[in-house]
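Some notes on the structure that comes next.
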Amino acid sequence: MSHTLGQLAANVQGVVKGNPDLIIEKLGTLENATPQELSFLANPKYQSQLATTSAGAVLVKTEELAQLVENAIVVANPYLAFAQLSTLFVPRTQCWSGIHPSAVVSSTAQLASDVVVGPNVVIDDNVVIAEGSVIGAGCVLSRGVRLGKNTKLYPNVTLYHDVVLGDSCIIHSAAVIGADGFGFAPNEGCWEKIHQLGSVVLGDAVEVGASTTIDRGAIENTLIGNGVKIDNQVQIAHNVIIGDNTAIAASTAIAGSTKIGALCTISGGVCIAGHLTIIDHVHITGMSLISNSILESGSYSSGMGMEPTSKWRRTVARVRRIDDMAKQFLQLKQQVNKFLEKVDNK
């Protein structure tokens, strides 16, 4: 997977400073890269590492920074260029081609001729898989699942019945798409199950992290837009709608029937209540609790940031007294107003 520096620069419309014939075999960090690796400088606080890095070349933003290393590629956005070049260094993840002998494939399934199916995969009736897709070992594709072109399932992904994935999706191991939403009706001290009759539809270029669950809709479908990126261990409940190119970090939980707009970013550990609307271009910081709709773009936070434990304990103690303090303040305000009235009357 080696490439010359000139070849890499051409891939990202960059300008080479130094030796365009330098062979690059891997990507690496400024701190730990070797002379055969390409690194990048995206954050100015790491600029001092240019003087000590052993990287063979570095992606940088300006000619001035390029002068600090022996070899460089000057690009408008080093981090984006690094991401784009990473596709050239991805190792092959399966050692088989075609359909593995241990896979169980229904006679009614329709697989394109170049689809790769790994060991112990189960493909049920009426599944349709388009060309270029790869199904990792141990995956289960239940009845009526449809996969678009060039979609990849890592090992042990489970797709329940009638789930639809678009083109160029990536689903990581242990993800479950299409499980029943949490729907139960109270019935004289017990719970009556509400059978979930919808499905889950993912657009194109969606990535779903390991052990993430996306529940099927109760009646209508759960919908995930084009380009959405979902991290590991995220819970998306039934009938949630997520707009195009929204990114959701790990351990976030989104309750049922909430609608999230396009181009939002949701940080790790966020909890979003059900039946809410969050419009486009909203950023939610880590560990926030969202209990009301967000109808204006911008950044939103809740909770309390870290501080030393002794100070945190004092802060919590004061927070618990806020209600009493508010009552005391109101009483004091009333007393001051009465006093001022007496002064005015005199």
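The values are calculated or read from the model by the stated rules, or taken from the named source; none is laboratory data. As the structure is a computational prediction, the values presented were derived from the model and not from experiment. All Cβ positions, glycine included, derive from the backbone under ideal geometry; neighbour counts span all protein chains shown. Remember, those area values only see protein heavy atoms, side chains included, never the ligands or the DNA or RNA. Shrake-Rupley method; radii C 1.70, N 1.55, O 1.52, S 1.80 Å.
In the frame of its principal axes, region 163-282 has Cα extents of 45, 26, 22 Å, reported largest first. Of all DSSP bridge pairs formed entirely within the chain, close to 10 percent run antiparallel. Surface exposure of the chain, expressed per residue as accessible area with a 1.4 Å probe, stands at 55 Å².
Tell me, Kirkwood radius of region 56-196 from alpha-carbon pair distances, in Å?
Final number for the Kirkwood radius of region 56-196 is 18.0 Å.
The candidates T52, T258, T29, T158, arranged from most to least accessible area with a 1.4 Å probe in the full protein assembly, appear as T52, T29, T158, T258.
For D21, the solvent-accessible surface with a 1.4 Å probe is about 110 Å², rounded to the nearest 10.
Calculated from the alpha-carbon coordinates, the chain shows an Rg and a Dmax of 27.2, 101 Å respectively. In this view, the solvent-accessible surface of I23, computed with a 1.4 Å probe and all protein chains in place, comes to about 80 Å². Across the accessible surface of region 17-143, with the other protein chains kept in place and a 1.4 Å probe, carbon and sulfur atoms take up 53 percent.
In the chain, Cα pairs under 8 Å separated by at least six residues give a relative contact order of 6 percent. Put a plus charge on the Cβ of each Lys and Arg, a minus charge on the Cβ of each Asp and Glu, and nothing anywhere else: the dipole of region 1-132 about its Cα centre is then about 260 debye. Here is the size of region 215-342 from its Cα atoms: Rg then Dmax, 20.5, 68 Å. Accessible surface comparison of Y46, Y300, probe 1.4 Å, protein chains only, largest first: the order is Y46, Y300. Label-to-label distance for W96 and H161 is 2.7 nm, based on points extended 7 Å past Cα in the beta-carbon direction.
Less than 5 angstrom separates the built amide H of S293 from those of T277, all sequence-distant by 5 or more or on a different chain. Computed across region 33-114, the Kirkwood radius stands at 15.8 Å (inverse of mean 1/r, all Cα pairs).
Among DSSP beta bridges whose residues both lie in region 151-242, state the antiparallel percentage, nearest 5. Of those bridges, close to 15 percent are antiparallel.
Taking all protein chains as they are arranged and a probe of 1.4 Å, the heavy atoms of L223 leave approximately 70 Å² accessible to solvent. Note on F89 and Q7: their simple-model spin labels are 1.4 nm apart, each label 7 Å out from Cα toward Cβ. Dividing the convex hull volume of the alpha-carbon atoms in region 248-297 by its residue count gives 56 Å³ per residue.
When its C-alpha radius of gyration is set against 2.2 N^0.38 Å (N residues), region 3-55 gives a value of 1.12.
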